[in-house]
Each structure stands twice: as structure tokens, then as C-alpha cells.
Amino acid sequence: MSPVWWVLGALAPLVLFFGDWVLFDRGHVAGGSYWGRDFVNLWTAGQLLRSGELGLIYDMPAYQAFQAGLFGPLHPHNYSYPPVSFPIAALFSLPPYPLALAAWTLGTGAFFVHACRRWWPAGAGPYWLAVLTPAALLNVWAGHYGFLLGGLFLLGWQRLDRHPVQAGILFGCMLLKPHLAVMVAVALLARREWKAVAAGAATVAALVATTSLAFGWTLWVQFLFDVGAAQSGMIDAGGKFYGLMSTSLATGVLRLVPDMPITAMVQSAASLTAILLVVTAACRPHRTRDLALLAATSTFVALPYAFNYDLTAVMLSAVVLMVEARRRWQRLAAGMAFIAPGLGMAAAYASVPLLPLSLAALASAQWWQMRRSAMPTATAAGTAFNRQTAASG
């Protein structure tokens, strides 16, 4: 894998870090944000939980007023995570904010590196480079869940062949950001991984029941309807900065053609195509590793709402394909997807949907690679995962 891809991919994240450093003023950075950006929401929610003010978490005006008392004036934030995130928020709100942010970044980063250990191809250098991919750097800059969710995704797929119940539990924990598990469900159902499906469903049910008993069902209702409506409204980002970070084809199309029916048709076609790629791959005896990486990429082709800092596992898809691809066009597609989380922000500013198009090209290249290398049996597919990944451990 050429170092050029690493340099190109790091350019935009480093510019963002540098901008925050230049504009840093007692924690405040550019655009009404605070150092650690989205982590302020996790820390704010934890403070509310520990003070017994649960009712304010999903009440946006009250939440923003409380947050302003902690950090000073900020641009409008809201807490967009389900009640299953509350124990995490309470835990990371115990230390002062700077220590909490450091613990969050280092802890989730170490978890992600551990999850990547058996996936990272030998030809791409040491596996700890997984925390230096463009999406990983953006996740650090944004203070988000990318390392935690990416780690759960990878560990779940790693354990699927030999420990399907453990895999299902790990997938169920992705309820922290449930939309990111959509292609996991599609792939498991198509592959008839019933033990994993049952374990995942039971985990989700247990988490919802436990948090409802602990915090009240009303908070789940607020999350599903109030927060859900607010987040879906972010698909049409207009000229807002977060729109530059979107992986959504719908958001990209709306920048070019502000017509919702046309956008819905384009996004629906992309979503159905992504589902078809995963289902057709899951119905053939491919290596579990390859199906997992295709599912990672296809998730973001299908979703109308996600952001570049969520792409931590997709970066692994791109790295693996760059190392293993047989054809030049596949390596080029993988390379473009690798650098697109950062450079796609500049392209989006010019109304060019580079990131969603690069993800679609990567998914197509992965599917083509799998089509040419099907294993003879499903058992061989699982064995091949273990043999392949052991080489990079």
C-alpha cells in the first residue's frame, strides 16, 4: 500500500486539527464548537444523569441551556444517542472534561486497535495504523463513537463462525447507533445465522428493557420520535458544516438538485443496490471476513444519514482491497474511498458528492473481488477467515 494514500488521506484531518489549535480559546474552537466537539454531548448527558435531571436529556432547549452553563455559548447541540448510552455517559462524566476526553479517545482507540488486530493485512504495515486512517483521525477530531462501534462490528464478525452467540451479543450492543448495524442484520438473515440473530435480538431486548426499568420508558419514546425527527432533518444539510461530513448520497444530491422526490428515488436505488450486493454475497460461500467488509461499506451506501467519522471499519475494507485486489481499477476505487472521508469534505463544499460515490465504487469493487473468489463450502469460508487473519495478528 503506497504511503501516498496515507498522506493524501491525512491532509484534511490535519487541517481541521490545525484550525482548532489556531482558534483555541479556553476550550472553544471554530464555529461555536468546543474542544472534543461531540464529546461535549456525552459529558453533558453524564452530568445530567448524575444530577438526576433525566428529563432534560432529550428536551433540546433545556439541554442546550444546561450545556451552556457547563461550557459557555455553543452552537445548538442535542443528545442523539439512545438510553443504552447512559451508563457510558455517566462513567465518562466522572473525571473533569479534559481527562474524560483523553480517556474516551485512548480507551475506545485501544479497543478498536484490538478489534483490528486479526483483520489488518500484513502488506499494509503494523495493525495499530488502524487509528491513523482518515476516518479514524476525523473520529478523534470529532470526539465520536467511531472506534467503539467499529470495534463492536469487527469483533462480532470475527467471532461469528466459532462463537455465534457471542457475535450476536456484540452486534446487539451496536444499539448505541442502531442504524450502523442495518447491514449486519441483512447479512446474518441472508446467511441464516440464526444463533447470532437470536442472540442479537435478545441483547437488544434486554438492553431496552433494562434501560426502561432504570430510566423510564418515556425517554425511549422521546428518543425515537423527538430525536429521530431532528436527526432525519439533518439529511438536508443545506450549507451547514456537518453536511460536508455526510456519507449520504441523499445529502449530496440535495446539494445539486434541491428536489426531495428525486433525491428519495436516487437514495432508494442506492439502498436497494447495497442490500442486493450484500444478500447475493451472503448467499454464496464466501469468507466471513470478506462478507463483513462488504457489509461495512454497503451500510453507508444504503444509509441516508451517517458521517465520515463513522467509517472506521470501512477504512479497513479499503486497506484490505488495496493490498489484495487483482485489478488496477479495484485498487484505485479502494484508494479513493480511503482518502474520501477527508478530501470529500472539500469536494462537498464544491457540491461534488465524492464521498458517497467513492463508497459506492468501493462496495462494487469488493463485490467483484468476492465474485471471483468464492470458497467451495460455507465451512471453508469460516476456516479461511481464521487462517487469513491469523497471518496479520
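The values are calculated or read from the model by the stated rules, or taken from the named source; none is laboratory data. For clarity, every value in this text was computed on a predicted model and none was experimentally measured. So basically every Cβ, Gly included, is an ideal-geometry build from the backbone, and we count neighbours across all protein chains shown.
For this structure, a couple of remarks:
- Tabulated pairs, region 63-88, first without any contact (Cβ under 8 Å) to a residue 60 or more places away in the chain and assigned to a loop (DSSP other than H, G, I, E, B), second surrounded by 15 or more Cβ atoms within 10 Å (Cβ to Cβ) and of a type in the set (Asp, Glu), C-beta under 9 angstrom, 6+ apart or interchain: HIS77/ASP38
- Condition check for SER351: surrounded by fewer than 24 Cβ atoms within 10 Å (Cβ to Cβ), of a type outside the set (A, V, I, L, M, F, W, C) and either at pLDDT below 95 or at positive phi (or both): yes
- Tally of residues being free of Cβ contacts under 8 Å to residues at least 40 places away in the same chain and assigned to a helix (DSSP H, G or I) across region 16-38: 6
- Test: residue in region 205-219 that is buried (at least 18 other Cβ atoms within 10 Å of the Cβ), at pLDDT 95 or above and touching a Phe, Trp or Tyr at 6+ places or on another chain (Cβ under 6 Å): no
- Some residue of region 258-270 being at pLDDT below 90, among the hydrophobic types (A, V, I, L, M, F, W, C) and closer than 28 Å to LEU343 by Cβ: no
- Out of ALA181, ALA214, sole residue that is over 30 Å from THR251 (Cα atoms), of a type in the set (Gly, Ala, Ser) and either in contact with a His (Cβ under 8 Å, 6 or more places away or on another chain) or part of a helix (DSSP H, G or I) (or both): ALA214
- One residue from PHE307, PHE338 being among the aromatic types (Phe, Trp, Tyr), surrounded by 22 or more Cβ atoms within 10 Å (Cβ to Cβ), within 18 Å of the chain's Cα centre (by Cα) and over 27 Å from ALA230 (Cβ atoms): PHE338
- Residue count for region 110-130 satisfying the condition of being part of a helix (DSSP H, G or I) and crowded, with 22+ Cβ neighbours inside 10 Å: 4.
- Matching entry among ARG255, ARG331, ARG284 (being at pLDDT below 95 and either crowded, with 22+ Cβ neighbours inside 10 Å or in a helix (DSSP H, G or I) (or both)): ARG255
- If the condition is being within 19 Å of ARG117 (Cα to Cα) and surrounded by 23 or more Cβ atoms within 10 Å (Cβ to Cβ), then region 156-187 contributes GLY156, TRP157, GLN158, LEU160, ALA167, LEU170, PHE171.
- Within region 29-76, tally of residues that are farther than 21 Å from LYS240 by Cβ and of a type in the set (A, V, I, L, M): 10
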